[in-house]
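Input: a single structure, listed below in structure tokens.
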Amino acid sequence: MSTELQSRTAAPSAKRPPKPVGPWRSNIGLKIAMAVSGVLMVLFIIAHMAGNLHVFEGREEMNAYAAGLRSFGEPLLPHESLLWVLRIGLVASIAVHLWTGIVLSVRSHHARPVKYAHRQQAKGESPNAYLTMRLGGIVIILFVVWHLLDLTWRTVNPVKDVHDAYGAVVATFDPSRWPVTVFYLLALVALGFHLRHGVWSAVQTIAGPGTKWRKRTQATALAVAVVIVVGFAIVPLSVTFGLVE
Amino acid sequence: MSIDFYRDGAPVADAKAPAGPIENRWEKRRFSGRLVNPANRRKLRVIVVGTGLAGASAAATLGELGYRVANYCFQDSARRAHSIAAQGGINAAKNYRNDGDSVHRLFYDTVKGGDFRSRESNVHRLAEVSTEIIDQCVAQGVPFAREYGGLLDNRSFGGAQVSRTFYARGQTGQQLLLGAYQALQRQVAAGTVDLHTRHEMLELVIVEGKARGIIVRDLVTGEITTELADAVVLATGGYGNVYFLSTNAMGCNVTAGWRAHRKGAYFANPCYTQIHPTCIPQSGDHQSKLTLMSESLRNDGRVWVPKRKGDDRHPADIPEDERDYYLERRYPAFGNLVPRDIASRAAKVVCDEGHGVGPGGLGVYLDFADAIARLGKPAVEAKYGNLFDMYERITGENPYERPMRIYPAVHYTMGGLWVDYDLSSNIPGLFVTGEANFSDHGANRLGASALMQGLSDGYFVLPNTISDYLADGPFDALDETHEAVVAARREVEERIAFFLGNEGDRTVDSFHRELGKIMWEYCGMERTDEGLRKAIGLIRDLKAEFYKRVKVTGKAEGLNQELEKAGRVADFFELGELMCIDALHRTESCGGHFRAESQTDDGEAKRDDDEFSYVAAWEWGGDEPVLHKEALVFEYVKPTQRSYK
Amino acid sequence: MKLKLRIWRQSDADAKGRMVAYELDDVSEDASFLEMLDVLNERLIAEGGDPVAFDHDCREGICGSCSLVIDGQPHGPQGATTTCQLHMRKFKDGDSIDVEPWRAGAFPVIKDLVVDRSAFDRIIQAGGYISAPTGTAPDAHAAPIPKEDADAAFSAAACIGCGACVAACPNGSGMLFMAAKVAHLGLVPQGQPERRTRVLGMVAAHDEAGFGGCTNTGECAAACPKEIGLDVIGRLNRDFRKAAVRAA
């Protein structure tokens, strides 16, 4: 007979098999989903920013551009096809981005439940990213809600005619409504920080560049963030300061 | 000459090494040893204590073979065993450089390097197996240094005249250990190895003359548990910490081996200790350990001291002709690359003469100025950058600008539990591997040979030899109510209760420090009859005081680091005494054991082969240990006086 | 030099801990940080108190045992240095120093400054190895490895498993540790056959152990005593994506 029965067995933790969670539900899997949805939104934002600049061409051209988006592809495609594709894509991206953000934040919270008594300044390559991403993300989502109520659905915008995009822009950034402009600009700053980290983080998550390309990606992300912030900020500032009427 | 501290016992012999041509002995033994049928291996449990190179490799390999293995370590992870700190490299007779290396040359160099105090059969096997180790480690993904062609790089190391040392920057031990650790973790995942970290073995269980289990303490909960098995393997490392200050990790201890010794296992050649020549000198009384600077530094660094005694000028201000490059002067053939024992003693000699540099005059310069001039700073940085950084962190001095200060420190212990060719101790079922046994290095270990021996024992030797013993198993069922188990457990509990209950006033460390000073002073680089006798007295007095005055705080339950230290230091006292007795009885000088009475006219170690060509295997006898001699036979390498001139 | 210390004391895993103040006079600037704690402990024992428990072993920066957050920084203020190699000359007379344990959900405190890091072992068990059972292996020269790859593998393999990356990470993520091993084994030819199963297994074990996700903030790399960089995390992400796509 062997000594089998009398021996102590190992701590159960050592042999506990990992929970059979599919790879896409892992932290990295979720992060990839977050990165892909983020990249899609960045592409949309860049297109959106370019569209906004039509405001400098005047009311006619701006509204024609807005109408053109609605009629894009007609008569081959139904009315507003492009917009619906964009809307569905955006809603899906936001949903994925938000959901993964919440799940990962909750997991992070559990993974680091106790704070240090001695707080030390961050030293990493992208310091305090978790703040600009999480808190910044909340600011951005609040802004998006306001933005939809204001310039898409016009609930809080004085110009109710959905075909007058130019009028709505000019009305909302009227100097008398300066808090709206300030909120818009603050949200842009939040977006800028979000993108400066988010763009390179997405590339790191999806493509995993080496050290040289990581540095280049970080520089590119900063450039993208600056271009987007400036490109968006120029419109409300122009309206508020009377360059566009 | 009569020495009244011990008794003579019957001679002992290694009954397992086959006779015949030395090249065939290992193959012969593997064939003559019995095997265990794969289906039966599942019924056999083997305990492995220690997760260093020798322990992790043995546990992983035994697990792969299908035995049920229980593996223990006191560290919080198997990856932290002190093998991880080995810097320089690992030898193998690959002859990749076509510089005349061969198995026979590695065998020859190791026997000679060990000053003819090791067994030829064992050493030859070690040399044979060395090549397999490299192949095995590369297969595991160990990132050895490579050349631009993609093949493995080799260097000459520690006095070898061929380039047979494989290395991974200055972290060879780390990379080899991680390879073994990963193989071990693979077996843990496979369920063949139960790994218990933060557990310390405190007693050996012997039933009907066979080693059948161990008593361990869970260092986190304080719980005392029993592990029973068909065989026990100790891979518990060396005992250099008896000196308090050594290059060993803080936790390294002799307790597992010493408990086995007290239960009847012979302890062989305890006085053979290796003092490593290139360590960072002590900086003050707060010092808790000494840090080794890899021996590879001697490949490019030149060792010197000022010719004028007490010369305290900045080293750069001392002109060339006022420097004594004493190794190059005394040993022109080997120069700065003489074996460790010789380099260490030479440093002691010049410091004792008053030429030493740095605090207390206990240091010599290791100078890279010539290497930097010859190779350029970037090349030196590429080779030794991490070592230079480490030196600067510890001393605050920049070795690119100012020569390093180095001094010898206790590094490795060649002695250990006596084992036969099968790595079995004299207690059936108790096997000992790696630094914990005494087997392969004789009186002095060559550089880059410790990693080789640990992995040779664990990967290739023990798994092949233990089957011959286990073929008789499984042995009779045992449980924790067996009287031998109960008694062993009680001993452990009583020891713990004693320490916690003792109303003392001195810390464990204060005793350990004092013991270390005695050992270093009288049983260090140079030993004398008078000093050793004095040391034995001092140790006995200090031991008595220890049991009277030691103060151990805390409880038996839960993590109690003072209690851990107390048990270890208690065993160091007994070991220290035995080391001194062994050193006292061996009136010759050999390898790491230098008796001042036995030296040549020019101060070199003088062996006495007529009297001392034997292994001293000591049986526990309280104050009067019993000496069993194992005669050494040299058929292939005829003993000569070592000369590195 | 004189020092004011505040050290996290917690008698066991379930106890509530707190920062306790101590003062030390006469600390040698040649002492290491741990030797300074040794001095404190000798005093505490003499006074009949309970010495501060902390993990340490080799004291030469390679075993990865020591694990103190000193003034909010894992392993203290000196870059590329473990706590045991940090020397008091880096501090000034009269300094106040805060000492805390690693903080992470996956590293519960055992006592005082000692934490349980066995989660790292479980990550390795889930695939952080090359399956090469002991036996006759191909000759070591059979598969040459470009020096560049061998060096990169070595740099990643230099990880000492101390857990500073986790302690520094605001998300308590073990990504840098895991990525270092994935990078090491993925850079050598022997590691290729298991490359996909390895990364999937290790990632699952990492999450299961309760480590958080990576926000690419880079605090881990800044804290790593062996200067392992974010490129290994990129490599892990890449390997993971490829493996997950194939597995889907």
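Considering only residues in the stretch C:226-238 that are within 9 Å of chain A (Cβ to nearest Cβ) and surrounded by fewer than 24 Cβ atoms within 10 Å (Cβ to Cβ), the one that is farthest from the chain's Cα centre (by Cα) turns out to be C:ARG238.
Filtering the stretch A:202-236 down to residues that are polar (S, T, N, Q) and within 14 Å of another protein chain (Cβ to nearest Cβ), which residue is surrounded by the fewest Cβ atoms within 10 Å (Cβ to Cβ)? Working first, answer last.
Initially, the stretch A:202-236 is screened for residues polar (S, T, N, Q), giving A:204-205, A:211, A:217-218, A:220.
Now drop any that are not within 14 Å of another protein chain (Cβ to nearest Cβ), which leaves A:204-205, A:211, A:217-218.
Numbers: A:GLN204: 27, A:THR205: 28, A:THR211: 12, A:THR217: 19, A:GLN218: 22.
Among those residues, the one meeting the criterion is A:THR211.
Look at the stretch C:47-67: where a residue is in the same structural domain as C:ALA80 (by TED's automatic domain parsing) and under 18 Å from C:GLU100 (Cβ atoms) and a partner is among the aromatic types (Phe, Trp, Tyr) and assigned to a loop (DSSP other than H, G, I, E, B), sitting 6+ places away or on another chain with Cβ atoms under 8 Å, you get C:CYS66/C:PHE54; C:SER67/C:PHE54; C:SER67/C:TRP102. Apart from one condition, B:TRP520 fits all of (1) surrounded by fewer than 17 Cβ atoms within 10 Å (Cβ to Cβ); (2) more than 14 Å from every other protein chain (Cβ to nearest Cβ); the exception is (1). With respect to the conditions (1) out of contact with any Pro (no Cβ under 8 Å at 6 or more places or on another chain); (2) closer than 22 Å to B:LYS289 by Cα, C:ALA104 lacks only one, and its number is (2). The number of residues in the stretch A:169-194 being surrounded by 21 or more Cβ atoms within 10 Å (Cβ to Cβ), small (Gly, Ala, Ser) and closer than 20 Å to A:GLU245 by Cα comes to 0. One residue is enough: does the stretch B:56-67 have a residue meeting the conditions within 30 Å of C:LEU113 (Cβ to Cβ) and either buried (at least 19 other Cβ atoms within 10 Å of the Cβ) or under 21 Å from the mean Cα position of the chain (by Cα) (or both)? So far as the stretch B:56-67 goes, yes, one or more of its residues are within 30 Å of C:LEU113 (Cβ to Cβ) and either buried (at least 19 other Cβ atoms within 10 Å of the Cβ) or under 21 Å from the mean Cα position of the chain (by Cα) (or both).
Mind listing just one residue for me: the one in the stretch C:62-75 that is in contact with a helix residue (DSSP H, G or I) (Cβ under 6 Å, 6 or more places away or on another chain) and more than 7 Å from every other protein chain (Cβ to nearest Cβ) and, of those, nearest to B:ALA168 (Cα to Cα)? Looking at residues that are in contact with a helix residue (DSSP H, G or I) (Cβ under 6 Å, 6 or more places away or on another chain) and more than 7 Å from every other protein chain (Cβ to nearest Cβ), I get C:CYS66. Among the residues of the stretch B:386-424, those that are part of a strand (DSSP E or B) and farther than 26 Å from B:MET579 by Cβ comprise B:MET404, B:ARG405.
Being assigned to a helix (DSSP H, G or I) and facing chain B (nearest Cβ under 7 Å) is the filter here; which residues of the stretch C:142-158 pass it?
Step one: of the stretch C:142-158, the residues assigned to a helix (DSSP H, G or I) are C:147-157.
Across the stretch C:142-158, the qualifying residues are C:LYS147, C:ALA150, C:ALA153, C:PHE154, C:ALA157.
The number of residues in the stretch B:340-366 being under 29 Å from B:LYS112 (Cα atoms) and not aliphatic (A, V, I, L, M) comes to 9.
Okay, residues lined up against (1) among the aliphatic types (A, V, I, L, M); (2) touching a residue at least 40 places away in the same chain (Cβ under 8 Å); (3) more than 20 Å from B:GLY63 (Cβ to Cβ):
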position	(1), (2), (3)
B:GLY149	no, no, yes
B:ARG164	no, yes, yes
B:GLY173	no, yes, yes
B:ALA211	yes, yes, no
B:ASP218	no, no, yes
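Quick one: would you say B:ALA570 is farther than 30 Å from B:LEU500 by Cβ and among the small types (Gly, Ala, Ser)? Can you show your working first?
Values: farther than 30 Å from B:LEU500 by Cβ: no; among the small types (Gly, Ala, Ser): yes.
No, not satisfied.
Within the stretch B:263-294, the set of residues being within 16 Å of the chain's Cα centre (by Cα) and more than 14 Å from chain C (Cβ to nearest Cβ) comprises B:PHE267, B:ALA268, B:ASN269, B:PRO270, B:CYS271, B:TYR272, B:THR273, B:GLN274, B:ILE275, B:PRO277. Pairs, please: C-beta under 6 Å, at least 6 apart or cross-chain, first residue more than 7 Å from chain C (Cβ to nearest Cβ) and in the stretch B:131-146, second polar (S, T, N, Q) and outside any loop (DSSP other than H, G, I, E, B)? Filtered contacts from the stretch B:131-146: B:VAL142/B:GLN175.
Just to check your reading of the model, which residue among C:LYS111, C:LYS92 is more than 14 Å from chain A (Cβ to nearest Cβ), surrounded by 21 or more Cβ atoms within 10 Å (Cβ to Cβ) and among the basic types (Lys, Arg)?
Only one candidate qualifies: C:LYS111.
Residue check: B:GLY158 meets all listed conditions (1) in contact with a Lys or Arg (Cβ under 7 Å, 6 or more places away or on another chain); (2) surrounded by fewer than 24 Cβ atoms within 10 Å (Cβ to Cβ) but one, namely (2).
Of everything listed in (1) within 14 Å of chain C (Cβ to nearest Cβ); (2) closer than 20 Å to B:ALA450 by Cα; (3) surrounded by 24 or more Cβ atoms within 10 Å (Cβ to Cβ), the single unmet condition for B:PHE74 is (2).
Output the helices (runs of 4 or more DSSP H) that fall wholly within the stretch B:439-549 and possess 2 or more residues being modelled with pLDDT of 95 or more and closer than 21 Å to B:GLY592 by Cβ, or say none. First the steps, then the outcome.
On the way: elements: B:450-455, B:462-470, B:483-501, B:508-522, B:529-549.
Qualifying helices (runs of 4 or more DSSP H): B:450-455, B:508-522, B:529-549.
Scanning the stretch A:103-136 for residues that are assigned to a helix (DSSP H, G or I), facing another protein chain (nearest Cβ under 7 Å) and either free of Cβ contacts under 8 Å to residues at least 40 places away in the same chain or among the small types (Gly, Ala, Ser) (or both) turns up A:SER108, A:HIS110, A:ALA111, A:ALA129, A:TYR130. In the stretch A:27-43, the residues that are without any contact (Cβ under 8 Å) to a residue 40 or more places away in the chain form Cβ pairs under 9 Å with partners that are among the aliphatic types (A, V, I, L, M), at six or more places apart or across chains, as follows: A:GLY29/A:VAL21; A:GLY29/C:VAL203; A:GLY29/C:ALA244. Among the numbered conditions (1) within 22 Å of the chain's Cα centre (by Cα); (2) polar (S, T, N, Q); (3) farther than 25 Å from B:ARG42 by Cα, the only one that B:THR221 does not meet is (1). Taken over the stretch B:329-370, the criterion of being basic (Lys, Arg) and either within 27 Å of the chain's Cα centre (by Cα) or within 23 Å of B:TYR384 (Cβ to Cβ) (or both) is satisfied by B:ARG340, B:ARG345, B:LYS348. Could you check, for the stretch C:214-225, whether at least one of its residues is more than 7 Å from chain A (Cβ to nearest Cβ), part of a loop (DSSP other than H, G, I, E, B) and more than 24 Å from A:HIS197 (Cβ to Cβ)? Yes - at least one qualifying residue is present in the stretch C:214-225.
Taking the criterion of being assigned to a loop (DSSP other than H, G, I, E, B), among the hydrophobic types (A, V, I, L, M, F, W, C) and either more than 7 Å from chain B (Cβ to nearest Cβ) or touching a Ser or Thr at 6+ places or on another chain (Cβ under 8 Å) (or both), the residues of the stretch C:39-61 that qualify are C:VAL52, C:PHE54, C:CYS58.
Restricting attention to the stretch C:1-38, and to residues there that are of a type in the set (D, E, K, R) and in a strand (DSSP E or B), which single residue is nearest to the other protein chains (Cβ to nearest Cβ)? Of everything passing the filter in the stretch C:1-38, C:ARG6 is nearest to the other protein chains (Cβ to nearest Cβ).
Among the residues of the stretch B:637-645, at least one is at pLDDT below 95, more than 30 Å from B:HIS199 (Cα to Cα) and in contact with a strand residue (DSSP E or B) (Cβ under 9 Å, 6 or more places away or on another chain).
The values are calculated or read from the model by the stated rules, or taken from the named source; none is laboratory data. Since the structure is predicted, the reported quantities are computational estimates derived from the model, not experimental observations. Note that we place each Cβ from the backbone using ideal geometry, even for glycine, and neighbour counts take in every protein chain shown.
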